[in-house]
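This report refers to the structure that appears directly beneath it.
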Amino acid sequence: MIAKLPLTDIQKGILFEIKHFKGRSYYINQELLHFNVAINISLIHKAFVSLIKKYEILRSAVIFESHYPELAIYQNIDLPFNFYDYSDFDNDNQTELFDSFIKKDFTEPMDVTTAPLMRVSIFKFAENDYRLVWDIHHIIVDGASVSKIIKDLFIIYSELLKSEAYVVTKSVPHHELYDYKIPFDLNVAKEYWKQLLRNHEISAFLPCNDRKNTISDKKNSRTIYLTGIDYQRLVNFVKDNSLSINALLQASWAIVLSHYSNNENVIFGSVRAYPKNITQNSVGLFINTLPMSFNINFNTTVIDYLYKVREQGRKLRDYVTVPLNQIHEWSELPADTRIYQSIINYEPFSLNKTLKSEFPEIPCKFSSRLDVPYPLILEVIDDTESLQFDLHYEKGFFSNEYMKSFLSHYKTTLLQVISNPDKKLIELPTVDDATLQKIVFEWNHTAVDYPLDKTVHQLFEEQVEKSPNAPAVVFKEEALSYKLLNEKANQLAHYLLQQNIAIEDPIVIWLKPRFEMLISILAILKAGGTYVPIDGNTPPERTKHLLQDSRPKIVLTETVYLNTLTNLIKPLSIKEPLIINVDQSQWDNNPKINPLRPIQSSNLMYIIYTSGSTGKPKGSLIEHFSAVNMALSCSHRLKVTSESRILQIASFSFDVSVAEWCMALLSGASLYLIDKDIFSPQKFVRALKQHKITTIILAHSILAALPEIDLPHLKVIAPGGEPLNQHTLTYWAKNRLLLNVYGITETSVCSTMADCTSEKEVIAVGKPLANVQIYVLNKHLQPLSPGVIGEIHIGGHGVGRGYLNNPSLTQEKFIDDPFRVGNSKFTDRKNKLYKTGDLGRWTGDGEIEFIGRLDDQVKIRGMRVEISEIERTLEKYLGVEKAVVLIKEVAAIKQLMAYVLPNAGAIIDTVKLHEYLGGCLPIYMVPTQIIQIDELPLTAHGKIDKKKLLAIDVDVLVDAPPNNCEITEKICAIVRGMLQRQNISIYKNFLDIGLDSIMLVELSMKLSSEFNQDVDITVLFTYTTIDALAGFIKNSSKASKNNDSFDSINEFIHKRKKH
């Protein structure tokens, strides 16, 4: 050994990741030289030996003789060099053997403690066909150094061919350059990086994807080229605008990352080289990968944006030698948070072109690959005639088809940028033409010729003619035939007409589930009115708002609600409606024939209220033809026939009820009512068995709560309202049709359905129903590629008219359909889109995957809940200063948790507060728990720390005498020494008590030595506290010794001491 040098910060980072990702061959450059000429194996070996003599970095390895890892430089080393003669094998065997070697070689980790950190293998295929595989560890050289070494290899080999002798020229000793630093002002640097990364918490690091983000055994790769005229246009553009190709590549990468993440804040790593005047006479690791962070204003022009990217790139020159962990510290990010996850690397030279021009007598094709622990890497090679784009991606993150589209869009964006410098960024396409055609047109080609010129009650009357004596509605063992139901509805309709109701007059129905509910609905529709259902269990304050907002002309109710209704109406500032008690049947002598009132399918059919973001429920206006389209499309997908028996599960004040009764009564099926006052899973199942129900629509949580018993008559289940879990799907999908349903009250209940099977990896909500269109858009209403999360927009015949008495919200949520303009394919669709506020994405096969809510609106037990409405109601309570409501899953069940901050000096009686909420909100909106807090925990960015709130009700551990006292104390002693302080917690995460990633490597070494067993870095990421780690060490046996240097820390420490 001739020298020992401290590892540079970049080398420490690589060492940490090698340890962290144990068993994966990260950071090994595999270089392949394919010679089309006979090769002198002995001279090639001599050339490599000469290179090792010339560059001392090639004689180095990592040692662990002190507390910190170091780089040892040795005087002499033996080069691992192997020759394989394949010339006697046929072509197929040659290819099979070589491919097998290449794959195994690339995945074979390299022992960083044994010099040299390189190995050479040569294969003879034929007299003029040789392949050389050279592996060298990235911890000692960068890509530019690899190219320099290979060029030197050719120079030396050429000289040896001439004279078989070569005098090694001197190079700058590595120890003179290894820790080169560019000077900078510490305070200025700290403020720069802190500001640059201030949006890190909300930034995108990778394109969205629909996979599980698992690290696979290797990356996949895809390559495309930019050549000819396009390349020359690019070169001219950067020259004319005083830009660099690198800046242009980075700018386009940021745009595409933004398009494919639907996030205007993006961060990625950019590979930067040290100044050439420093590194030109030596080789080593003279690069750094620094973060670039952009908040892209898509209303700026392309050229102005490019100049901003250029300026950030120039600024990086000042910090090219600043270690990433220092930037991490300055930016005040959590210790376990990566700054970036994708990397772009521009190589402004082509080794192949150099070798071809300078060594024509040695025809050779060079290729290279390097695996690093980042999911997405773009390498761009510039040979002055073309650009080669090599995209490397984790196959556990991204599908091949997705990355094909991504890379194609990157090239398209690059060309769009140089072609449209004066356009705004928002004018650049977010997807390529093929993808646009697919997601906007092909997947939305849903036209079906339904009788949308007819009203719901007209189609019901047609069913009466077809099957007058068939049971239409069944309740408590009694049945009404289609004929009798129609006659009773007609009698009430004539009575309503006698009250001079106008077309679309709102009429409230406040009834329990019973025959009269269906009679009233049909009667109102036949009379031309709009029905407004109110559930009998609705809290008084909410009921008053519904009455005040809808201003009904008539209220249909029953005896049990009369007094309550009268008292609720009295204080309202509305014209007192006519209250009709259906129990008195004042219309029994009215005509039984269908009223002849002319009603259009475009007339209003019903108003159903949903939770409102302003704290007040809002009334959704749905027309007849929208309900007809929904009912007929759902009937088709749920295979509803005249033999079907549908259970009416939903409250009639909930939009799903419309689908239930419309599907039944427009298909000649039977609708079964149940008494909601006695609802329980057991009684629900009993009703399914007793009535031999064939078809149900219900919330996922209700389905999950049902006893798992045999129900042979139940053929179709359509759950919706909440994400469907795999266990529920697996059980209930056996031997029946299970359809996952998605829809919004404002777009007529149901918009998509998916056939669900247990084999599906993603439980999607399916494809659009007939005459419905679905778009996943960004905030600029631009379509997003499959896999990218955006807001779901719904178009077509299901879109409602808007909100009652709320023109501003209607204008905000019901927007013009941008895809209808000039589009002859869908001239029959409605011209509005509804902005759902739901997040979703297209899957690769044209289904929608529901992700969550843009705002705090969620679904509990299938009911839509606006978190802000609950919070505002809480804050109206005397003594409550601030309230935060969150969702917590307990035993796979979603629960509402309320955290209330009292006014100074106030004490909140949570029992009384619960009672107050019960009088103001529906039961499904009342939080399960109310927790009084002393202060609101905040994040570093000043936002409410929801994670800390959710952890409040968890028992907090305090430092108590541990069970593993001796082991614990030894670990504590090591950690105290590293941190140079006595006060540490054995229950806090290592990162929280002050250890960074580099120190964890050191801790791993010290623990392994102290306890004489392998305490690998991966163990520290599993057992993340001193207490947990002490338990692991106590219970684990000594690691078995083997030749893997990373499987026995002590062994390789001992081995290095022999050198």
Any idea what the dipole of region 3-176 comes to, in debye rounded to 20, about its Cα centre with Lys/Arg Cβ at +1 and Asp/Glu Cβ at -1?
620 debye
Out of every Cα pair in the chain, what percent are spaced more than 54 Å from each other?
34 percent
Nearest 10 degrees, 0 to 90: helix 400-419 Cα axis against the chain principal axis:
80 degrees
Cα long-axis angle, helix 515-526 against the chain (0 to 90 degrees, to the nearest 10):
90 degrees
Leaving out same-chain residues fewer than 8 places away, which lysines sit with a Cα under 18 Å from that of K639?
K692, K715, K734, K767
Once the dipole of the chain is set up from charges on Cβ (+1 Lys and Arg, -1 Asp and Glu), the residue from the list L547, T169, Q437 lying farthest towards its positive end is L547
Per-residue [θ]222 nm for the chain (sum of -39500 (n - 2.57) over DSSP H runs n ≥ 4, rounded to 500)
-10000 deg cm²/dmol
Degrees between helix 624-637 axis and first principal axis of the chain (Cα, 0 to 90, nearest 10)
60 degrees
Please report L226, L1003, L739 as a ranked list, fewest other C-beta atoms within 10 angstrom at the top and most at the bottom.
L226, L1003, L739
Measuring from the lowest to the highest alpha carbon on each principal axis, how far does region 258-381 reach, largest first, in angstroms?
53, 33, 29
Name the shape class, rounded, prolate or oblate, that the alpha-carbon gyration tensor gives for region 528-625, where a ≥ b ≥ c are the square roots of its eigenvalues, rounded holds for a/c under 1.5, and otherwise prolate holds if a/b is larger than b/c and oblate otherwise.
oblate
Percent relative contact order of the chain, based on C-alpha pairs within less than 8 angstrom and at least six residues apart?
9 percent
Among A472, G800, L484, pick out the residue whose Cα is farthest towards the positive end of the charge dipole of region 460-840, where Lys and Arg carry +1 and Asp and Glu carry -1 on C-beta, about the Cα centre.
G800
Burial ranking of peptide ranges 796-807, 356-367, 405-416, 699-710 (average Cβ count within 10 Å, highest at the top)
796-807, 405-416, 699-710, 356-367
Counting only DSSP loop positions in region 603-710, the trypsin sites (Lys or Arg not before Pro) whose Cβ has at most 12 other Cβ atoms within 10 Å are K692
Scoring region 3-176 by relative contact order with C-alpha pairs under 8 Å, at least six apart, yields a percentage of 34 percent
Sequence of W587, W193 once ranked by neighbouring C-beta atoms within 10 Å, starting from the fewest:
W587, W193
Relative contact order of region 460-840, defined on C-alpha pairs under 8 angstrom at six or more residues apart (%)
13 percent
Using alpha-carbon positions, what is the distance between the centroids of region 298-333 and region 899-922, in Å?
49 Å
Mind running the shape call on region 460-840? Use the C-alpha gyration tensor, a ≥ b ≥ c as the square roots of the eigenvalues: rounded below 1.5 for a/c, prolate if a/b tops b/c, oblate otherwise.
oblate
Listing S751, S121, S620 from the residue with the fewest other Cβ atoms within 10 Å to the one with the most, what is the order?
S121, S620, S751
Ranking L604, F359, F35 by how far each Cα lies towards the positive end of the charge dipole of the chain (+1 on Lys and Arg Cβ, -1 on Asp and Glu Cβ), the top one is L604
For region 1-125, what does the alpha-carbon gyration tensor say about shape, rounded, prolate or oblate, given a ≥ b ≥ c as the root eigenvalues, a/c under 1.5 as rounded, and a/b over b/c as prolate?
oblate
Let me spell out the model: positive unit charges on the Cβ of Lys and Arg, negative unit charges on the Cβ of Asp and Glu, origin at the Cα centre of the chain. What dipole size does that give, in debye rounded to 20?
1040 debye
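Read-outs: derived from the displayed coordinates by stated rules, not from any lab. All figures in this text were calculated on a predicted structure; none of them were measured in a lab. In this analysis, Cβ positions are derived from the backbone assuming ideal geometry, glycine residues included, and neighbour counts consider all displayed protein chains.
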